[in-house]
Structure formats: structure tokens, C-alpha cells
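Reviewing the structure listed below.
The values are calculated or read from the model by the stated rules, or taken from the named source; none is laboratory data. From a predicted model like this one, the values you see are computed outputs, not experimental measurements. Virtual Cβ from ideal backbone geometry, glycine too; neighbours counted across all protein chains shown.
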């Protein structure tokens, strides 16, 4: 028993014609409009000479036309082949050739690279108007139900050899993939799912199919670059679900800062896939979002989503919170040893995971040898090493190729990452195996760490891990890095890490000064705790040791520790800012504030004050003290009642207040804001 997405869209176009099907910002298609577009596009493709079974390669843009073109291709009996919207002309030409496409639909400028590409505009075919001779009745009659074993889609993934692998999905497989997603997540008809992922990826595709099949609404978004767009879509469409990869959660959190829980907590559920949430992320998210259900899903291009975990329920169990997921009733699992034999003896025995079900691919397009290696006796061999517990939950140890053989002991990099991820001064980490420098154990683990805060110490991390794992699993080196390298789907790029190791070994450019610069965050809420005078004196010393233009040193650092005076200044600044129509960023309960001013006659006053402020911020951070730059007094220096208070503090009348720094022990962790890297230009 199977059905097609085309038939379901036609069904919903009759039952709920005016309901929103797919949207991007202000562009919207109702189910009636989506069905009309689908039919019209199909008719146009036929007039262009596309026949049943032809392959049509098209750019999977995050816009409504992607859904319409996808369905239009299948309506006329052709095979949909998805192209990354950011694909280069070389990549597009390669996929055109590999897939045997009859047509390429794209609006990106293309050139021919040794083959004759037949190219047509994606927008033009989307905007095609029905031919007068083709009424709705004839178009509807034009659709014929395909056989369950007929090829519906070709989904290309990057192969380890560099040659792309074309995953062949039949209509039967597509139906069961979308049905598994509906069952595993519990997608309802009234769902409005925000989908910010690239639509040529299997995770995004199965969500798109599932929501439309159920008659819900899909809200497309062009990535996670601007978290503000998530809030805009929430307000505009009242979204109920959010689809993300693990790294995107961190990006969103950093951009939203203190508003993350308030905004993201409005979703009924969040589904995370294309990588597993770490244990630390699971605990933190369920605590931050108590009214949002968090799902962790395992899937692949070859199988769609197959293992599902309700993290919100599992987090209360110290073992289940580590699980990858649980197979649906229609998914069979077994685990194989290195010789390819099924491992017997019940649960808890790790091996290479193999799965079986109606949702799996029929093979790789044009690669019979690879297909035979991947599908054996009807079982799809995954690249994951995992095991099953007695309750049917699956636990992943890592990719088969990533498992580290330490003197005959199999070590999971994922296990090391999960345990190390709970160390308070690590933002994220990644483990790989490298040749044992002593030449004894074969391979040993090393851990790359992106540090958080200024309390990180490799020795302290070693002590932390010693109490939580066996000795042979302990990393032999800890390598601080600015960021853990990721691929396009934000998964850890272990190949890149191995390249870094081969180039640099354990050498790291992350010295204490660089670590302090890269880990300092703005802190606006502080503990009820005084800063020891000797530490405060060193912070101020760092300020007046900053460079000064022509060494004039005309600056003044006014230190206010009295709580009442700080409160008076804050209240006056907020009141004056409102009257002046200026936004005043707040702070709560600092141990002290430092007002940095400079003689208005000093042409370098702003630069001098800025250098002094930065020195103090970094010095404070090195002692575990938070800080934040506040520049509202520069605007309000001459306005009452702020002027009166600053005069009372003894700040000279001819001084410009370039900065006010709030200092104190942080009440909560600061947020890393997105940094632009395209501002550096070598000439």
C-alpha cells in the first residue's frame, strides 16, 4: 500500500483549497494554487519534450517554486533530481552528466563544461500560464498513478571518492519515508513547520513531503544566518514546528542572546537531525524549553528518518538521554561484526548497524558495485557503529571509519565528545584518532576543543575526564581551536581535523592571550559579589597601561562601587534616553562601573578611551569577571539629570564620556555573536 504526494496535494486542493501550503516571506501558495502550478508546470514540461521516466535536474531553492516544480516533474511522470541552490557551474554540469538529465532548470548563470546542457529558467517555468487549450479537466486526466517500484527521485550525496552518489528512491520508498516522519514526530494537519534547511538535503526533503502530505503548511527560510527571521516567521505564520541541525541551535542561541527561551519556546516541537544533539545540549535545551518537545532523529539519504527519540521524555533517564533513537515498528535492525556476520548474544553488543524496511533506497544510480557493497540480502549497511539496549534504544559510537582502535580496544569518539562536552569551559569539541606517537597502541584519541570562558585548562579537563571514563579512552592531547570545522550541514568535519593534525600536530596558536580575546563575551547580569580590591586595581592598571596618542594620557577612569549611586545613574540614563529618543542598553547589579572619559581637546580621545576599555575588559575576563561596554553617556553627557550626576562624580566638564564599563562576576554565560570573516582582505 502506497500513495503519492501529487495525489495528496490534489486531494487537499479540493478539501482545503484556500489553506496555506508553502510560503517564503510574503510569497505564498495555497493548496489550490500549488495544485494549479503543479499541473501547469507538468504540461509545459511535456510540451518541452519531457517524457515519462526522463530525469529533470532542478535548483532546489528555498522558495515556493521549488515545491511546485518538484511536484510538476513528478506529475508528468519524470524523475526529480535535486541540485544544491549554491552549486557551481562545474558541480551542476557534473550532476547533469552523472544523472543523465534531459533538462536543467536553474536561474544561476551557467556555462557548459564539456557537455551539452539543456538549460531553462526555473522562474520562467514556475510562472508559466496555462495554455488556453488545456483546461483543468484535461490536465487532471493527464496524471497517471506510477507503479510503486518506479523511480521517483534521485538524491545525490557526496561520495568518499569524490564522485557523487545518486540515491534512487522509488515511489514506494518516498511514501514510507514521509510516513515514517509523520509517525515518528506526530505531524498533524494543523502543523505549520518552519524549514530553514537546504531543500536538496534528505532531512529537509522528508519534512517538506511529510507536512504537505498531511495537509499542513511549510514555511521556508533561507538558512539560519539571521535569527531575527525566525522570530519574524513565528509572528507572521504562528509556526508550530522548527527543523534544525545541532549546530544551528547554537547559532540561534548566540544571536538571540537572552531572548532564546522566550522566542524558541513558542514552538510546539523542534526536530533535530543530520547529526545528533550532544548530551549537554539535550539537558540544556529541555531545561530552557520546558513547553517544547525536542526530538532527535537519525536518518540518511538512503533511508530517510528511521530512528526517533523524544528527548524531552528521555532526559530524565541518565542512560536513555544518550540514545540515538528508537526504530519505528516498520524498521528492522541488526548489527554486524567486522566480518559482516550478525552479532548474537542480545543487546549491548556494538557492531555496524544495518537496517531494513520499505523506506530504503533501491540502489545508487549507475554504480552497481557500490550498490552491491551497501545492500546485502535486502539489508542496507550504514556507516555507523552502534548497539541496542534491552528496551530497543539505539546508541551510536560513531562512524565505522571514525572508531579509534587503541591497542585492540574500540573507542568511540562520540562518547568522548559527550563526556567532555559537560566540562563547563568547553563550547564544543571533536575527537579523532591519530597514530600513537610512542608507536605502542596503534592509534590514540586527541580532542580538539573550542573553549568557553577563560577558565579552560587542559590539565583540569584531564582530571575531569579521568573520573568519568576508562584510562585507555583518555585523549593524549587537547588542542584548543577557535572553531570546530563543519561541513555544509554543520556536522563535524573529521577529515578537516585530520588534515589540521597532519599539518600542525598538537601545536596550537591558542595561547592564553588569544584565548582571552576569543572567549570574552558581553555580560549584563551579575552576581551579588564584590570584586576584591587587588583584582580591581589590576584591571584598572591594565587600563592606564593602554597605548595613548602621543602619550598624552588625558583620560580619566571614574570608578563607582556604591550600589545606590550606580542605581541613580542607571535610572537617570534610562529616563534621559527615553526623552531623547535614544535606546539605552541595560545592565543588572554590577559590582562596579568604570566611567572612561577624556579631554575633548585631545583629538585622540576616543581611540585612547577605546584602547583602555578593551584592556580592562580582557583583564577582567582573565580573572573570571564579566564586563560590558555601554556608550549611552557619550550621547547624554550634557543632558539633565545625567549631567548633574556626572558632575557630582567629579568628571571634568570638558571631558567626553566615551565609555562606561559595568564589571562583576557573571550571573549567566555571555552569548557569542556571529562574526563576519569577510572583512579581511589580503592584497
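Some values worked out for this structure:
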{"read-out": "Residue 340 vs. criteria in a helix (DSSP H, G or I), touching a residue at least 24 places away in the same chain (Cβ under 8 Å) and loosely packed, with under 15 Cβ neighbours inside 10 Å", "value": "no"}
{"read-out": "Residue count for the range 1-45, restricted to those that are under 16 Å from residue 123 (Cα atoms) and surrounded by fewer than 17 Cβ atoms within 10 Å (Cβ to Cβ)", "value": "2"}
{"read-out": "Elements of type helices (runs of 4 or more DSSP H) contained in the range 14-108, each with 1 or more residues being touching a residue at least 24 places away in the same chain (Cβ under 8 Å) and more than 23 Å from residue 166 (Cβ to Cβ)", "value": "31-47, 64-75"}
{"read-out": "Qualifying residue in the range 477-485 (condition: surrounded by 17 or more Cβ atoms within 10 Å (Cβ to Cβ), in a loop (DSSP other than H, G, I, E, B) and not assigned by TED's automatic domain parsing to the domain that holds residue 629)", "value": "yes"}
{"read-out": "Candidate set: the range 225-245, residues that are in a helix (DSSP H, G or I) and at pLDDT below 85; chosen: the one farthest from the chain's Cα centre (by Cα)", "value": "228"}
{"read-out": "Residue count for the range 419-429, restricted to those that are outside any loop (DSSP other than H, G, I, E, B) and either buried (at least 21 other Cβ atoms within 10 Å of the Cβ) or at pLDDT 90 or above (or both)", "value": "5"}
{"read-out": "Qualifying positions in the range 491-536 - surrounded by 12 or more Cβ atoms within 10 Å (Cβ to Cβ), over 29 Å from the mean Cα position of the chain (by Cα) and in a helix (DSSP H, G or I)", "value": "535, 536"}
{"read-out": "Filter result for residue 227 (in contact with a helix residue (DSSP H, G or I) (Cβ under 6 Å, 6 or more places away or on another chain), in contact (Cβ under 8 Å) with a residue 24 or more places away in the chain and surrounded by 20 or more Cβ atoms within 10 Å (Cβ to Cβ))", "value": "yes"}
{"read-out": "Residue within the range 660-676 that is touching a helix residue (DSSP H, G or I) at 6+ places or on another chain (Cβ under 8 Å), more than 28 Å from residue 255 (Cβ to Cβ), in contact (Cβ under 8 Å) with a residue 24 or more places away in the chain and in a loop (DSSP other than H, G, I, E, B) present", "value": "no"}
{"read-out": "Test set (1) assigned to a strand (DSSP E or B); (2) within 14 Å of residue 393 (Cβ to Cβ) - residue 318 fails condition number", "value": "(1)"}
{"read-out": "Flag for residue 581 being closer than 30 Å to residue 510 by Cα, assigned by TED's automatic domain parsing to the domain that holds residue 615 and either free of Cβ contacts under 8 Å to residues at least 12 places away in the same chain or touching a helix residue (DSSP H, G or I) at 6+ places or on another chain (Cβ under 8 Å) (or both)", "value": "no"}
{"read-out": "Some residue of the range 360-371 being more than 26 Å from residue 166 (Cα to Cα) and assigned to a loop (DSSP other than H, G, I, E, B)", "value": "no"}
